[in-house]
Amino acid sequence: MKTQNITVRLRDGEMGAYLAVPDGAPAGAVIAIMEIWGINDTMRHHAHEFAQAGFICLVPDLFWRQEPGVELSDGNPEHVKKAFDLYYDFDYDLAVRDMEDTWRFLTKLPECNGKVGAVGYCLGGKLCYLMCCRTDIDCAVAYYGTYIEHNIREAKNLHRPFVLHMAMKDRWVQAEVNDLLERRLSPNSLVAIHKYPGGTTPPRGSAARPTASRRPPARFP
């Protein structure tokens, strides 16, 4: 496995990212989209797991317009305040465009076989949903995607394979919201929903994380 910090040229600037590339033949690529903590040890660990499973993995610095290179921990109260400040100033529309540019960047890597999917956590989960509605990403997987309901009107445009993992007692996603998402999304044959009875989906539980976070996006070669 090769890992490095890189710069991705976007249509209106440059974004930092962390890249992990597996050994061997050209492979499919995964954009691993962070929560609100930046490219931290958790996200680098996810990148390594995907690369060990045979996928190229790129972790984008979503907050590059606000504070490039920010790295935070949910165990530090000051970091938590900072993360939410950054989140509430975050522009989802620009971020979807950034992820579309990132997808195109990955397809041009010599190590990539042309297939690119995305896996997102929390904030990143919503971006995965929006990408399936607005772009031609090959597929995307969302773990505990937050505030998808704010863009539920776009569900009619969802045209790429999308997997949604929902915790039924998530503190950030109310039961009524989970019901709404299931009602509005499940009729689409491109959508698969996995429900977990507790307050977490697998990536939040350390015991389940190795298998759940490495689960490849749908319809990958």
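Scanning segment 47-69 for residues that are without any contact (Cβ under 8 Å) to a residue 40 or more places away in the chain and surrounded by fewer than 22 Cβ atoms within 10 Å (Cβ to Cβ) returns Gly54, Gln66, Glu67.
Just one of (1) at pLDDT 95 or above; (2) closer than 15 Å to Lys126 by Cβ; (3) within 18 Å of the chain's Cα centre (by Cα) fails for Arg184. It is (3).
Take the residues of segment 97-123 that are part of a loop (DSSP other than H, G, I, E, B) and exposed (fewer than 15 other Cβ atoms within 10 Å of the Cβ): which is farthest from the chain's Cα centre (by Cα)?
Among them, the one singled out is Pro110.
Listed here are the residues, each with its yes/no results for (1) farther than 17 Å from Ile33 by Cβ; (2) modelled with pLDDT under 95; (3) of a type in the set (Phe, Trp, Tyr).
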site: Thr135; (1), (2), (3): no, no, no
site: Tyr144; (1), (2), (3): no, yes, yes
site: Ile152; (1), (2), (3): yes, no, no
site: Asp179; (1), (2), (3): yes, yes, no
site: Gly198; (1), (2), (3): yes, yes, no
site: Ala208; (1), (2), (3): yes, yes, no
site: Pro221; (1), (2), (3): yes, yes, no
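The values are calculated or read from the model by the stated rules, or taken from the named source; none is laboratory data. The structure displayed is predicted, hence computed values, not measured ones. So basically every Cβ, Gly included, is an ideal-geometry build from the backbone, and we count neighbours across all protein chains shown.
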